[in-house]
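Peer 1: Just dropping this structure here.
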Amino acid sequence: MRLIVFFDLPVVKKEDRKGYTQFRKFLLKDGYDMVQFSVYSRICNGQESVNKHLGRLEKNLPSKGSVRCMQITEKQYGEIKFLVGKPTKKEVKVSASQISFF
């Protein structure tokens with residue numbers, strides 16, 4: 001499964017920039033990879049992992065702006081069509097067949 005986070009946060013005021021930076025650093029520290037600006041994705045091994053990371057997201061939300069989350073399967077993620085550009089090195093490396101379950 002993949003958890004995709006989309007966000008649009010204000011960055012005009014100093015305090016808003018701080019909230020944006022803290023949220024972005026949290027995403028990176030929690031294992032998310034940037035897909036494109038303000039879109040981050042992370043692999044989760046099943047629904048329990050998704051629920052755990054949703055809880056972490058809720059605890060680290062900024063006070064302003066818009067944050068959305070979508071859960072999709074690896075097969076659905078693999079069907080993404082690139083209209084302009086190409087996959088990043090990280091996206092090419094990881095495929096559903098390389099994920100191991102413990």
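The values are calculated or read from the model by the stated rules, or taken from the named source; none is laboratory data. Keep in mind that this is a model prediction, so the values were computed, not measured. So basically every Cβ, Gly included, is an ideal-geometry build from the backbone, and we count neighbours across all protein chains shown. For accessibility, only protein heavy atoms count, side chains too; no ligands or nucleic acids. Shrake-Rupley method; radii C 1.70, N 1.55, O 1.52, S 1.80 Å.
Peer 1: All but one of (1) open to solvent by less than 40 Å² (accessible area, probe 1.4 Å); (2) at pLDDT below 95; (3) in contact with a Lys or Arg (Cβ under 7 Å, 6 or more places away or on another chain); (4) not aromatic (Phe, Trp, Tyr) hold for Ile99; which doesn't?
Peer 2: Single failed check for Ile99: (3).
Peer 1: Using the structure shown, decide if Lys13 is free of Cβ contacts under 8 Å to residues at least 60 places away in the same chain and more than 14 Å from the chain's Cα centre (by Cα).
Peer 2: When the stated conditions are applied, Lys13 passes them.
Peer 1: Counting just the residues of the range 67-85 that are among the β-branched types (Val, Ile, Thr) and touching a residue at least 40 places away in the same chain (Cβ under 8 Å), which one comes out surrounded by the fewest Cβ atoms within 10 Å (Cβ to Cβ)?
Peer 2: Applying the filter and picking the extreme gives Thr73.
Peer 1: Something else: Scan the range 59-76 and give yes if some residue there is acidic (Asp, Glu) and in contact with a strand residue (DSSP E or B) (Cβ under 7 Å, 6 or more places away or on another chain), otherwise no.
Peer 2: yes
Peer 1: Got a number for residues in the range 36-66 being β-branched (Val, Ile, Thr) and free of Cβ contacts under 8 Å to residues at least 40 places away in the same chain?
Peer 2: At the first step, the residues of the range 36-66 found to be β-branched (Val, Ile, Thr) are 39, 43, 50.
Of the ones still in play, those that are also free of Cβ contacts under 8 Å to residues at least 40 places away in the same chain are 39.
Qualifying residue count for the region: 1.
Peer 1: Here's a follow-up. How many of the residues in the range 1-45 are more than 17 Å from Pro62 (Cα to Cα), surrounded by 17 or more Cβ atoms within 10 Å (Cβ to Cβ) and of a type outside the set (Val, Ile, Thr)?
Peer 2: Final tally of qualifying residues: 6.
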